[in-house]
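Engineer: Pasting in a structure now, in structure tokens, and then I'll have a few things to ask.
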Amino acid sequence: MEAIIDLKNLCKSYGSYVAVDQLNLKIPHGEIFGLLGPNGAGKTTSILMMLGLTEPDSGSAIICGHNATRDPIKVKRVVGYMPDNLGFYPQLTGLENLVFMARLNGLAETGIKENARKILELVGLKAASDKPASSYSRGMKQRLGLAEVLIKKPKLIILDEPTLGLDPSGVKEFLELIKSLQREQGLTVLLSSHHLHHVQQVCDRVGIFVDGKLLATGDLPTLSHQLFGNTGVETSIHLTEELADPAILKAEFSTFPEINGLIVNDRILQFNTTQDITPKIVRRLVELGANIQAISHKQYGLDEIYAKYFEKNTNLTPKHESA
Ligand SMILES: Nc1ncnc2c1ncn2[C@@H]1O[C@H](COP(=O)(O)OP(=O)(O)OP(=O)(O)O)[C@@H](O)[C@H]1O
């Protein structure tokens, strides 16, 4: 299937500062992709190149089959973009703002208000449609921003830091809305964020973007695998007494294909495994006569993955400062 976003060797510098460095990325139809990176990583610059609003120094951005640099108008027709700094006419109602935006986008006048009302209902603003935008909370403004994006019936929506400034319940609700749009309307979504947990909640795949470089892409297990090898899960088992012969135990567990490592430290057994096989390990230990006192279990999440990438790349971070 043709990729909705197809970026090849995309580069952009501001003077001697490299903001985006050889960005390669394909996003298929129907995916929610999270571009995750700290402030200044180059996320907005990449998005602007995808929209044809900034010209790349080299490389290409093909969006829904159109070259963003050569055909920005065609890209604009099929992509809905929500920037991180939303602006509305405060004295106009939500409905009036939306109708105004629909006209700006050249949408047909027939049924324009009915359609706007439907979209406002879809994003959960039905009750507030006739209230001025100045009375909207941050979360409501984000929803109105999303409504403005959806009214042009885009194939792809690009959301730059959509959860910025929302409280935890606002974040949850907004992300659930995005997910339901993907499910019900088959939308493809690219969202940028520097919040790990937000991205983790909703994205099918994540790209970790640091210092202009896309360091890794994949779903959580894939990223975990790339970073931690096969040691994705750590299970620690505390026994009531020390083992008489740890070598026997090690030999026994060496036959488990999921186990990559076993460290025996007095009464503590630490298993590194490709997947969570805690019940299987416990069963075998009990069969071998071990008395278990406690079990703890840890699966690497996006936090560890993110931290690991930053740890790995701390030597890259000062690049900007030295520019
Ligand atoms: N027009 C510009 N002129 C010079 N430097 C720029 C320009 N636009 C962006 N930059 C620099 O390029 C780098 C990448 O910026 P960009 O806005 O793409 O990052 P970001 O990941 O979106 O971060 P943020 O979340 O802070 O917006 C930053 O260091 C920024 O200062």
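The values are calculated or read from the model by the stated rules, or taken from the named source; none is laboratory data. These figures come from a predicted structure and were not determined experimentally. Here the Cβ is made from the backbone with ideal geometry for all residues, glycine too, and neighbour counts use every protein chain on show. Note: accessible area is taken over every heavy atom of the protein model, side chains too, but ligands, DNA and RNA are not part of it. Shrake-Rupley method; radii C 1.70, N 1.55, O 1.52, S 1.80 Å.
Engineer: For residues in the range 185-215 being of a type in the set (A, V, I, L, M) and more than 16 Å from the ligand (Cβ to nearest atom), which is farthest from the chain's Cα centre (by Cα)?
Structural biologist: L187
Engineer: Right, another one. Restricting to the range 237-281, name every residue that is within 35 Å of the chain's Cα centre (by Cα), over 16 Å from K298 (Cβ atoms) and either part of a strand (DSSP E or B) or in contact (Cβ under 8 Å) with a residue 24 or more places away in the chain (or both).
Structural biologist: F256, K280
Okay, residues lined up against (1) assigned to a helix (DSSP H, G or I); (2) touching a strand residue (DSSP E or B) at 6+ places or on another chain (Cβ under 8 Å); (3) aliphatic (A, V, I, L, M):
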residue: M101; (1), (2), (3): yes, no, yes
residue: D130; (1), (2), (3): no, yes, no
residue: S134; (1), (2), (3): yes, no, no
residue: S169; (1), (2), (3): yes, no, no
residue: L175; (1), (2), (3): yes, no, yes
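Engineer: I would also like to ask the following. Which residue pairs have Cβ atoms closer than 6 Å, lie 6 or more positions apart in sequence or on different chains, and pair a first residue in the range 29-49 that is assigned by TED's automatic domain parsing to the domain that holds I63 and more than 21 Å from D204 (Cα to Cα) with a second residue that is more than 13 Å from the ligand (Cβ to nearest atom) and not in a loop (DSSP other than H, G, I, E, B)?
Structural biologist: M49/A61
One line per residue, one yes/no per condition, for (1) of a type in the set (S, T, N, Q); (2) open to solvent by 40 Å² or more (accessible area, probe 1.4 Å); (3) more than 29 Å from the chain's Cα centre (by Cα); (4) assigned by TED's automatic domain parsing to the domain that holds V18:
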{"site": "I62", "(1), (2), (3), (4)": "no, yes, no, yes"}
{"site": "A68", "(1), (2), (3), (4)": "no, no, no, yes"}
{"site": "L86", "(1), (2), (3), (4)": "no, yes, no, yes"}
{"site": "E96", "(1), (2), (3), (4)": "no, yes, yes, yes"}
{"site": "E114", "(1), (2), (3), (4)": "no, yes, yes, yes"}
{"site": "K118", "(1), (2), (3), (4)": "no, yes, no, yes"}
{"site": "L122", "(1), (2), (3), (4)": "no, yes, no, yes"}
{"site": "A127", "(1), (2), (3), (4)": "no, yes, yes, yes"}
{"site": "P132", "(1), (2), (3), (4)": "no, yes, yes, yes"}
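Engineer: Within the range 1-71, which strands (runs of 3 or more DSSP E) (wholly inside it) include 2 or more residues that are within 13 Å of the ligand (Cβ to nearest atom)?
Structural biologist: 5-14, 17-27, 32-36
Engineer: Could you tell me whether any residue of the range 210-227 is closer than 15 Å to N272 by Cα, touching a residue at least 60 places away in the same chain (Cβ under 8 Å) and open to solvent by less than 60 Å² (accessible area, probe 1.4 Å)?
Structural biologist: Yes.
Engineer: Next up: Given the criteria over 22 Å from K298 (Cβ atoms), surrounded by 15 or more Cβ atoms within 10 Å (Cβ to Cβ), in the same structural domain as V20 (by TED's automatic domain parsing) and among the charged types (D, E, K, R), does R205 qualify?
Structural biologist: Yes, satisfied.
Engineer: Quick one: which of L166, L181 is surrounded by fewer than 21 Cβ atoms within 10 Å (Cβ to Cβ), hydrophobic (A, V, I, L, M, F, W, C) and within 16 Å of the ligand (Cβ to nearest atom)?
Structural biologist: Unique residue meeting the criteria: L166.
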